[in-house]
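J.: Before anything else, here's the structure in question.
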Amino acid sequence: MEVHFMLYRDAKGLGAADVQPAQPQPLVPAPAVKEEELLPVGWKKVWCEEYQEWYFWNHVSKESKWTRPKVGEPEEDNTLPKDWQRVYDVERG
């Protein structure tokens, strides 16, 4: 259930007024995302003003490239010891 209300602050502190149930709104489905539009975790599509072209930037590794990284494609990482794997912690960024 969704409730609408007004918050206020006065000499006594914080309070709420005009609490009432909201009118039901029709659910609108999210637009379908094409598989080719998905990016692996950490990657973002960014517009380059200088070259007037899109590039891809990974905010975790600070890597950028012109070609779209694919979901599930293993990333090369030469900075880790052999048999180690880099994993992105979504909760801690």
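J.: Could you give me the residue pairs with C-beta distances under 8 Å whose first residue belongs to region 42-68 and is more than 27 Å from Arg92 (Cα to Cα), whose second residue is open to solvent by 70 Å² or more (accessible area, probe 1.4 Å) and outside any strand (DSSP E or B) wherever it lies, and which are 6+ apart or on separate chains?
T.: Final answer for the pair search is Glu53/Trp66.
J.: Cβ-Cβ distance below 6 Å, separation of 6 or more or different chains: which pairs start in region 7-24 with a residue that is modelled with pLDDT under 75 and end on one that is among the acidic types (Asp, Glu)?
T.: Within 6 Å, the pairs are Ala22/Glu2.
J.: Another question, if that's okay. Considering (1) at pLDDT 85 or above; (2) in contact with an Asp or Glu (Cβ under 8 Å, 6 or more places away or on another chain), say which one Glu49 fails and leave the rest.
T.: Unmet condition: (2).
J.: Would you check if Pro40 is at pLDDT below 85, part of a loop (DSSP other than H, G, I, E, B) and either within 16 Å of the chain's Cα centre (by Cα) or loosely packed, with under 10 Cβ neighbours inside 10 Å (or both)?
T.: Against the criterion (at pLDDT below 85, part of a loop (DSSP other than H, G, I, E, B) and either within 16 Å of the chain's Cα centre (by Cα) or loosely packed, with under 10 Cβ neighbours inside 10 Å (or both)), Pro40 does not qualify.
J.: Go through region 54-90 and give me each residue that's at pLDDT 80 or above, surrounded by 10 or more Cβ atoms within 10 Å (Cβ to Cβ) and not hydroxyl-bearing (Ser, Thr, Tyr).
T.: Hits for region 54-90 are Trp54, Phe56, Trp57, Asn58, His59, Val60, Glu63, Lys65, Trp66, Arg68, Pro69, Lys70.
The values are calculated or read from the model by the stated rules, or taken from the named source; none is laboratory data. All of these numbers come straight from a predicted model, not from anything done at the bench. When we count neighbours, we look across all protein chains shown, and the Cβ atoms used for this are built from the backbone with ideal geometry, even at glycine. Calculation scope for accessible area: heavy atoms of the full protein, side chains included, ligands and nucleic acids excluded. Shrake-Rupley method; radii C 1.70, N 1.55, O 1.52, S 1.80 Å.
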